[in-house]
Amino acid sequence: MDEQYLYNYALDSEIAAILAEQPYNESLQQAVERIRIADVAADIERKRVEIQRTARPNQARFRKEVLAVYGRCIITNVTMPEVLEAAHIKPFKYKGEDTVANGFPMRMDIHLLFDAGHLRISDTGEVQLSTRARMDYGATIPPKIYLPDLTSREFLRWRWDNYNGI
């Protein structure tokens, strides 16, 4: 109920142009290939990123504090700050706090898996991958991680029970 959906008016002209085109007589696979070649999805995503930015004044402080406490990716143990992000256990959009108890440092690709629901962490530290993620990441992701006492088990249980990804 707290979710917000915004209409991206910058895409109006593109949507109108697509709707004005005559439909192609092609299979779904052919249509997908045509879209991939045209780079339409990348252009739309680029515009979405340019237009939809939520002001998050505490994000820099949150990242700094989470990285200072952990020092490494909670999953892969990578220590390079250039590739680490602070991931919210309970997402900000669901009233998740910008506190160390609600954060994990994660390598960028691991953070994306976590936010998309392809990587889940139980309140006991068990790591679960989706079937799709297991195909590419299965050999590199441990089945269980150590969770420090400061990690909110309540937020981990909330995420496990309520959040299936973006």
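For the range 94-123, which positions are assigned to a helix (DSSP H, G or I) and closer than 16 Å to Asp161 by Cα?
Initially, the range 94-123 is screened for residues assigned to a helix (DSSP H, G or I), giving 94, 100-102, 108-116.
Tyr94, Asn102, Phe114, Asp115, Ala116, listed by residue number.
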Check: Could you count how many residues in the range 83-118 are touching a residue at least 60 places away in the same chain (Cβ under 8 Å) and at positive phi?
Finding: 1
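Table: residues versus (1) surrounded by 16 or more Cβ atoms within 10 Å (Cβ to Cβ); (2) touching a helix residue (DSSP H, G or I) at 6+ places or on another chain (Cβ under 9 Å); (3) not β-branched (Val, Ile, Thr).
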{"residue": "Leu67", "(1), (2), (3)": "yes, yes, yes"}
{"residue": "Pro81", "(1), (2), (3)": "no, yes, yes"}
{"residue": "Ala86", "(1), (2), (3)": "yes, yes, yes"}
{"residue": "Lys90", "(1), (2), (3)": "yes, yes, yes"}
{"residue": "Lys95", "(1), (2), (3)": "no, no, yes"}
{"residue": "Ile110", "(1), (2), (3)": "yes, yes, no"}
{"residue": "Leu119", "(1), (2), (3)": "yes, yes, yes"}
{"residue": "Glu126", "(1), (2), (3)": "no, no, yes"}
{"residue": "Arg134", "(1), (2), (3)": "no, no, yes"}
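Does the range 124-146 hold any residues that are without any contact (Cβ under 8 Å) to a residue 40 or more places away in the chain and either among the aromatic types (Phe, Trp, Tyr) or in a loop (DSSP other than H, G, I, E, B) (or both), and which are they? Reasoning before the result, please.
Of the range 124-146, the ones without any contact (Cβ under 8 Å) to a residue 40 or more places away in the chain are 124-126, 128-139, 143-144, 146.
Result: Thr124, Gly125, Ser130, Tyr137, Gly138, Ala139, Pro143, Tyr146.
FYI, it's all coordinate maths here, none of it is from the lab. The shown structure was predicted, so the numbers you read here are calculated from the model rather than taken from an experiment. So basically every Cβ, Gly included, is an ideal-geometry build from the backbone, and we count neighbours across all protein chains shown.
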